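Nothing in this text is a laboratory measurement; each read-out follows from the coordinates by a stated rule. Fair warning: this is a prediction, and the values are worked out from it, not measured in the lab. Every residue, glycine as well, gets a Cβ built from its backbone with ideal geometry; the counts of neighbours run over all protein chains shown.
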Amino acid sequence: MSIEINSTAFPNSITVGDKFVLNTLITGAGNSQIDAIPLDGKLGDAVCFSKIIELKNQSSGSIAYSCTLSIYRPGNIWLPSPSFIIIDSSGYSTEARGDSIMITVQSVLPEGVAKVDIADIKGPKNIPTPLWPFLLGLFIISALLVAYFIYKRRAEKTFVESDMATVPPWDSAFQELDDLSKKRHPEFGRYHQFYFELSQILRRYIEAQFNLPALESTTFELEKDISKAPLADDTVKKLFKMFGRADLAKFAKSRPSLNDTVSDLEFGYELIKMTMPKTNPPADTESTEKNIGDKQLV
């Protein structure tokens, strides 16, 4: 029994990476059993894209097999035939393959460039990064943040000042005295807090009404500057007698009597009433003062 194995490629001239079909025809096998040996991903220089499959409807005494391949390097490539296991009627088996065939593989590069040896692509080059752009960026960000906070503080200050400017200083002072009265500091022994708040309220009013630096001045300094304000001598004496009692309570932890705190709070109302414009009297001031006196004398 003479068995022939012949392989053909279609097409037999391709470009790198193109797929082609390899057909293998086996004749003269008679009643022998033929099994194709599976390809392990490659056949010579070719890469396999399918298994070897048997083609049906062949002429009597012949068997055909086919598979799809591709080649990725240019040139005249000799491709080996697939191998087969042939088992005859007596059970004897043998491995057989046909002759190699040549496949012409064209390069995808232009003519004249295909023969040039192309070097491998090098990895990225480590270029030292200068430090100054990061420092400059950090400086710019810091400057912007500082500018933002300065702008925000100025805007808030402007808003507060403009808001305060719309309220007359005597109205603000009356409201602050009413709030102080409601806290009832002296009744709970908080003389230091009472005189601190009372002193601040009257100093703010004097500064706004008479344009004197009352908040930043000591009692001694303010007593020298108060002559610029249109206040009667008796009123000035009462004012600085109250400031003196406040200093003792704030700094010497003195404990004035409840009657002193009531009279000092009432004097605060009287001072504002005497120095505010006469065309804008506060509403219910007398009743407010009377209620304060009643509460603190209880």
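Pairs of Cα atoms under 8 Å, at least six residues apart: use those to get the relative contact order of the range 4-106, whole percent. Don't skip to the answer; put the middle values down first.
Values: 241 pairs, mean separation 35.9, N = 103.
Once normalised by length, the contact order is 35 percent.
Taking the mean number of other Cβ atoms within 10 Å as a proxy for protection, how do you rank 250-258, 209-217 from highest to lowest? Working shown, then result.
Values: 250-258: 12.2, 209-217: 15.4.
Going by the mean number of other Cβ atoms within 10 Å, highest first, we get 209-217, 250-258.
Where does each of Arg154, Arg203, Arg190 land when they are ranked from fewest to most other beta-carbon atoms within 10 angstrom? Walk me through the numbers on the way to the answer.
Working: Arg154 10, Arg203 20, Arg190 15.
Going from least to most buried by this count: Arg154, Arg190, Arg203.
Enumerate the calculated ³J(HN,Hα) couplings along the range 266-277 in order (Karplus 6.51 cos²θ - 1.76 cosθ + 1.60, θ = phi - 60°), each rounded to whole Hz, writing x wherever the residue is Gly or Pro.
Those phi angles translate into 5, 5, x, 4, 5, 4, 5, 4, 6, 10, 7, x Hz.
Give the value in nm², to one decimal: projected area of the alpha carbon convex hull of the range 165-293, averaged over all directions.
Details: hull surface 30.9 nm².
Taking the Cα atoms of the range 165-293, their convex hull projects to 7.7 nm² on average.
Please work out how much length the chain gains when fully extended from Val21 to Asp178, using 0.36 nm per residue of separation minus the C-alpha to C-alpha distance, in nm with one decimal.
Between Val21 and Asp178, full extension yields an extra 46.2 nm.
Which cross-chain or sequence-distant (5 or more) residues have an amide H under 5 Å from the amide H of Ser83, H modelled 1.01 Å from N in plane?
Placed amide hydrogens put Ile37 under 5 Å from Ser83.
If you rank Lys237, Lys278 by fewest surrounding Cβ atoms within 10 Å, what's the result?
Final ranking by Cβ density, sparse to dense: Lys278, Lys237.
Going by how many other beta carbons lie within 10 Å of each one, how would you line up Phe49, Phe243, fewest first?
Ascending number of Cβ neighbours within 10 Å: Phe49, Phe243.
With the cut-off at 30 Å, tell me which of the pairs Lys182/Lys238; Lys228/Lys250; Lys183/Lys253; Lys152/Lys278; Lys228/Lys273 have Cα atoms farther apart than that. Write out the running numbers ahead of the final one.
Values: Lys182/Lys238 24 Å; Lys228/Lys250 27 Å; Lys183/Lys253 19 Å; Lys152/Lys278 39 Å; Lys228/Lys273 19 Å.
Cα-Cα > 30 Å for Lys152/Lys278; rest within.
By the scheme Lys and Arg +1, Asp and Glu -1, what is the net charge of all other residues having a beta-carbon under 13 Å from that of Ala214? The partial results should precede the final answer.
Values: positive: Arg203, Arg204, Lys224, Lys228; negative: Glu207, Glu216, Glu221, Glu223, Asp225.
Charge balance near Ala214 sits at -1.
How far apart, in nm, are the 7 Å Cα→Cβ label points at Lys250 and Lys228?
2.0
Using the Karplus curve 6.51 cos²θ - 1.76 cosθ + 1.60 with θ = phi - 60°, what ³J(HN,Hα) values do you get for each residue of the range 220-225, in whole Hz, with x for Gly and Pro?
So the J values, rounded to whole Hz, are 5, 5, 5, 5, 6, 7.
Hey, can you grab everything whose amide H is under 5 Å from the amide H of Ser32? Only 5+ residues off in sequence or another chain; H modelled, so Pro and N-termini drop out.
Long-range HN contacts for Ser32: none found.
Over the alpha carbons of the range 4-106, what is the largest minus smallest coordinate on each principal axis, giving the biggest first in Å?
46, 25, 21
How big is the antiparallel share of DSSP beta bridges in the range 4-106, given as a percent to the nearest 5? Working shown, then result.
Numbers: 38 of 41 bridges.
About 95 percent, rounded to the nearest 5.
Contour minus end-to-end for Lys273 and Asp40, with contour as 0.36 nm per residue of separation and end-to-end as the Cα-Cα distance?
Fully extending the segment from Lys273 to Asp40 adds 73.0 nm.
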